[in-house]
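J.: Can you read through this structure? Questions will come right after.
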Amino acid sequence: MTPTFALQSTSSPLHVAIIMDGNGRWATRRGLPRSAGHRAGARAVRGAVEAAARDPAIAALTLYAFSADNWRRPAPEVTALFRLLARFLATEGPRCAANGVRVSVIGRRDRLPAPLVSAIAATEAATAAGSALHLRIALDYSARWAIGAGCLVPDVDLLIRTGGERRLSDFLLWESAYAELVFLDRLWPDFTVADFAGALREFHARERRFGHLPGAAAR
Ligand code: FPP
């Protein structure tokens, strides 16, 4: 049996969110085009989703795949990313359905290419019954826009950002009001199940006080 990695029991299942940063640098350091970094990033996504689905302590995983500001990137990179996402949904959708992973996409759909919108709808329908993990993929997502539109998701417990930057970049601003933040220097394609376990260990080692005095929130 594959071990789970939440390591400690928690009173309620967790919502983990990840800002997957560093694909471009990963590729550049290898003399590869940025699109190769995104492909490697998609492989890391598969590992993270499988690990989260196996872990009963994690109820939801939200991944920042394309921000509303990412439209500022060169058109070929944006096109390659959308193709990669559509392919990911086509190949991973059936695996998600088999593993009890319900897939949803948050963010705007009106500016996405039609084949990607269709792939999203098909994957959401095919995985709707999944109860092991709710995988949310944030696409053309802006937290400021989502707050204005009233499109809010459950509170985030743990927010992980890879790639060395220490900012939220318009991701789940409202929902992260009490999130524990873990910033990792590792580039996203190098993110492993051990890194995930380490972030969860750090989360469990922190005292979440929600405004209470030290020690009071746990009582
Ligand atoms: C940020 O790294 C990453 C993105 C803008 C795209 C994230 C996409 C993936 C991880 C792959 C596909 C996703 C799914 C859900 C299958 P960056 O490219 O800005 O890296 P850099 O800061 O090193 O340039």
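The values are calculated or read from the model by the stated rules, or taken from the named source; none is laboratory data. Values in this document were obtained by computation on a predicted structure and should not be read as measured data. Note that each Cβ is placed from the backbone with ideal geometry, even for glycine, and that neighbours are counted across all protein chains shown.
J.: Looking at LEU112, LEU89, LEU81, LEU85, which is the one that is at pLDDT 95 or above, under 15 Å from GLY24 (Cα atoms) and buried (at least 18 other Cβ atoms within 10 Å of the Cβ)?
T.: Exactly one of LEU112, LEU89, LEU81, LEU85 is at pLDDT 95 or above, under 15 Å from GLY24 (Cα atoms) and buried (at least 18 other Cβ atoms within 10 Å of the Cβ), namely LEU81.
J.: When you check LEU187 against the structure, is it in contact with a Lys or Arg (Cβ under 8 Å, 6 or more places away or on another chain), of a type in the set (A, V, I, L, M) and over 30 Å from GLY148 (Cα atoms), yes or no?
T.: The answer is yes for LEU187.
J.: Scan region 136-175 for residues that are over 26 Å from ARG111 (Cα atoms) and of a type in the set (Val, Ile, Thr) and jot them down.
T.: VAL156, ILE160, THR162 - these are the residues of region 136-175 that are over 26 Å from ARG111 (Cα atoms) and of a type in the set (Val, Ile, Thr).
J.: What helices (runs of 4 or more DSSP H) lie completely within region 1-116 and have 2 or more residues being touching a residue at least 24 places away in the same chain (Cβ under 8 Å), within 12 Å of the ligand (Cβ to nearest atom) and within 16 Å of the chain's Cα centre (by Cα)?
T.: Correct list: 34-54, 75-98.
J.: Among the candidates ALA57, ALA40, ALA27, ALA51, which residue alone is in contact with a Ser or Thr (Cβ under 8 Å, 6 or more places away or on another chain), small (Gly, Ala, Ser) and under 24 Å from LEU158 (Cβ atoms)?
T.: ALA57
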